[in-house]
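Participant: Structure in structure tokens, see below.
The values are calculated or read from the model by the stated rules, or taken from the named source; none is laboratory data. As the structure is a prediction and not an experimental result, all values here were calculated from the model. Here the Cβ positions follow ideal geometry from the backbone for every residue, glycine too, while neighbour counts run over all protein chains shown. Ligands, DNA and RNA are stripped out before the accessible areas are found, and what is left, the full protein with its side chains, is counted by its heavy atoms. Shrake-Rupley method; radii C 1.70, N 1.55, O 1.52, S 1.80 Å.
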Amino acid sequence: MLTHRTVRDVMTRDVVRVAPATGFRAIVELLHEYGITAVPVVDEDDRPVGIVSEADLLRTQSAQEDPTGLQPPPAGGPDTAGAATARQLMTSPAVCVAPGATVVAAARLMAGRHVKRLPVVDEEGRLTGLVSRGDLLKVFLRDDRAIRRDIVEEVLSHVAGVSPAAVGVEVAQGRVVLSGTIEPPYLVTVVLRLCRSVDGVVSVTDRTGRAPEQTYVTTHREQHRKPEVRHGNHA
């Protein structure tokens, strides 16, 4: 059956990390040298304890005295201004994810916790990678032909009662258009939901049968009814 790509498929494996005692300037130098915007902070066992981002560093800078006095310092400025090490600067605790989590699960975790990146940890909690918003969006770079193949072979061929030969599938820039006939009609909703779950799909337009045209975007609320599927070995 159809499965989403996992964090392991898209994560950055060579991760720049710092110790809690790493100084402010050293962190800035690392961000500049590697062209990154944040670094995980790890303990002596390489387990993430927090994240230091450009935003964390800018809070310290904004809390400094301004000779011009044009803008007042932010609340809590003196405490932030004294932050000189990763331990003092970091956002903690680190929100982590397992490498086997799907890209959908990782995206929901990011959205729910309002973070831009997730340290990826193994079963022992040790850092093995880092996944960012940009990494998760890579699934939308999938080739249209690969998306169409998944829809034909992993969706239409698996829903009992649907004839793949009776359904036309066109994909352009991740936008899917279904034509032809889906019988029985109640399976249309099932097929549309499964098509929306294919990695790389931006939207699904239903032009099957004589029903009025309807467009379903990937963010549309999914129906919870489970489809009837065929079991067996598939290529």
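Participant: Give segment 10-53 a look and list any residue that's out of contact with any Asp or Glu (no Cβ under 9 Å at 6 or more places or on another chain) and of a type in the set (Lys, Arg), or say none.
Facilitator: Matches in segment 10-53: ARG13, ARG25.
Participant: Would you mention how many residues in segment 96-145 are among the β-branched types (Val, Ile, Thr), in contact with a Lys or Arg (Cβ under 8 Å, 6 or more places away or on another chain), open to solvent by 20 Å² or more (accessible area, probe 1.4 Å) and under 19 Å from PRO40 (Cβ atoms)?
Facilitator: Total meeting the criteria: 2.
Participant: Sticking with this one: Please give the number of the condition GLY161 fails out of (1) open to solvent by 60 Å² or more (accessible area, probe 1.4 Å); (2) small (Gly, Ala, Ser); (3) in a loop (DSSP other than H, G, I, E, B).
Facilitator: Here GLY161 meets the rest and fails (1).
Participant: Please find, among VAL41, VAL49, VAL28, VAL7, the residue that is modelled with pLDDT of 95 or more, open to solvent by 50 Å² or more (accessible area, probe 1.4 Å) and of a type in the set (A, V, I, L, M). Give the derivation first.
Facilitator: Details: VAL41 fails: open to solvent by 50 Å² or more (accessible area, probe 1.4 Å); VAL49 fails: open to solvent by 50 Å² or more (accessible area, probe 1.4 Å); VAL7 fails: open to solvent by 50 Å² or more (accessible area, probe 1.4 Å).
Every option except VAL28 fails the conditions.
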